[in-house]
Amino acid sequence: MSWTALTGLLLLTGVAAYAQTLTGFAFGLITMGGVGLTGLLSLPEAAMLVSLLTLVNAAQMLTKGWRDVDWRSFGLVMLTGLPCLCLGFFLLDWLAESRADWLRLALGATIIVSSVQLARKPPPLQRPSGPLSFLFFGGIAGVMGGMFSTSGPPVVYHLYRQPLPQVVVRETLVTIFAVNAAFRTGLVAASGPFPPAATLSGLLAVPMVMAATHLARRYPPPLTQRAMRQIVFLLLFLSGVSLGGPALGRLIAQAL
């Protein structure tokens with residue numbers, strides 16, 4: 001990786017961390033979308049980078065908050081999430097080998113659907129959802145986490161609808177993300193040596209992510225939370241369209 005590409009990648013992860021600190025979501029989506037548009041890394045390497053940074057961030061947050069985790073919700077999500085994460089991981093490798101347009105289309109569609117879902121504030125439920133709903137959303141999150149290290153949107157949407165204290169939802173989500181990131185990192189290690197570009201950029205991106213998080217907390221922009229979410233939604237939606245649109249056009253042209 002050239003120094004120019006590495007600098008661009010560090011700036012991208014900094015912007016993603018800044019946006020996530022202000023909105024509560026979008027780190028993986030912004031990073032994967034930016035990499036997909038610029039080609040700074042291959043998508044498998046970018047997913048590895050997101051996993052490493054998610055694991056570092058989650059480890060920092062869980063040093064004190066693990067006691068607030070709702071272990072029932074966590075266990076149900078993990079029950080289907082981890083097997084489906086394996087499925088998504090191997091699906092990524094299969095698509096990356098010779099089906100680049102299908103992979104870019106899948107990433108673009110994931111970003112578009114996730115941005116629309118996360119832009120909406122889910123209506124709260126009066127009673128906790130049944131086990132099957134946690135298993136369903138855990139499975140979707142697992143596939144997304146295995147493919148693109150973006151397991152957040154389905155479980156964020158589902159858990160924030162539950163009649164649970166905000167701190168419980170937050171710590172449960174962080175624990176889910178940490179386990180998914182650790183499990184996915186283990187899959188990468190078991191399948192061969194770590195991607196060198198992702199390893200190097202991951203090490204260098206840690207201080208960038210920490211600095212961007214500090215700046216967002218200390219010097220937030222003069223915008224409302226709603227305005228920030230709308231801006232991030234628009235950026236994600238446009239990046240998803242920019243990724244998936246050309247890929248879909250090429251696939252249609254090949255079929256005709």
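The values are calculated or read from the model by the stated rules, or taken from the named source; none is laboratory data. This structure is a prediction, so every number in the text was calculated from the model and none was measured. Counting neighbours? That spans all protein chains shown, and the Cβs are built from the backbone with ideal geometry, glycine included. Protein only, heavy atoms only, side chains kept; ligands, DNA and RNA dropped before computing areas. Shrake-Rupley method; radii C 1.70, N 1.55, O 1.52, S 1.80 Å.
Worth pointing out:
- Of the residues making up segment 237-250, not a single one is surrounded by 14 or more Cβ atoms within 10 Å (Cβ to Cβ), out of contact with any Lys or Arg (no Cβ under 8 Å at 6 or more places or on another chain) and under 16 Å from residue 14 (Cα atoms).
- For segment 90-138, the set of residues classified as outside any helix (DSSP H, G or I) and under 30 Å from residue 252 (Cα atoms) consists of 99 only.
- In segment 100-125, the residues that are open to solvent by less than 30 Å² (accessible area, probe 1.4 Å) reach residues that are aromatic (Phe, Trp, Tyr) and outside any helix (DSSP H, G or I) with C-beta atoms within less than 8 angstrom, at least six apart or across chains, in these pairs: 118/25; 122/160.
- Condition met for residue 172 (assigned to a helix (DSSP H, G or I) and either buried (at least 21 other Cβ atoms within 10 Å of the Cβ) or in contact (Cβ under 8 Å) with a residue 24 or more places away in the chain (or both)): yes
- Residues of segment 13-34 that are in a helix (DSSP H, G or I) and either within 12 Å of residue 150 (Cβ to Cβ) or open to solvent by 30 Å² or more (accessible area, probe 1.4 Å) (or both): 15, 16, 18, 20, 21, 27, 28, 29, 30, 31, 32, 33.
- Scanning segment 61-81 for residues that are open to solvent by 40 Å² or more (accessible area, probe 1.4 Å) and either of a type in the set (Gly, Ala, Ser) or modelled with pLDDT of 95 or more (or both) gives a single hit, 79.
- Residue that is modelled with the lowest pLDDT [pool: residues in segment 44-57 that are under 13 Å from the mean Cα position of the chain (by Cα) and among the hydrophobic types (A, V, I, L, M, F, W, C)]: 55
- When residue 141 is tested against (1) in a helix (DSSP H, G or I); (2) surrounded by fewer than 20 Cβ atoms within 10 Å (Cβ to Cβ); (3) of a type in the set (A, V, I, L, M), exactly one condition is not met: (2).
- Residues that are in a helix (DSSP H, G or I), at pLDDT below 80, open to solvent by 60 Å² or more (accessible area, probe 1.4 Å) and over 30 Å from residue 116 (Cα atoms), drawn from segment 186-233: 196, 200, 203
- In segment 218-252, the residues that are over 21 Å from residue 36 (Cα atoms) and without any contact (Cβ under 8 Å) to a residue 24 or more places away in the chain: 218, 219, 222, 223, 224, 226, 227
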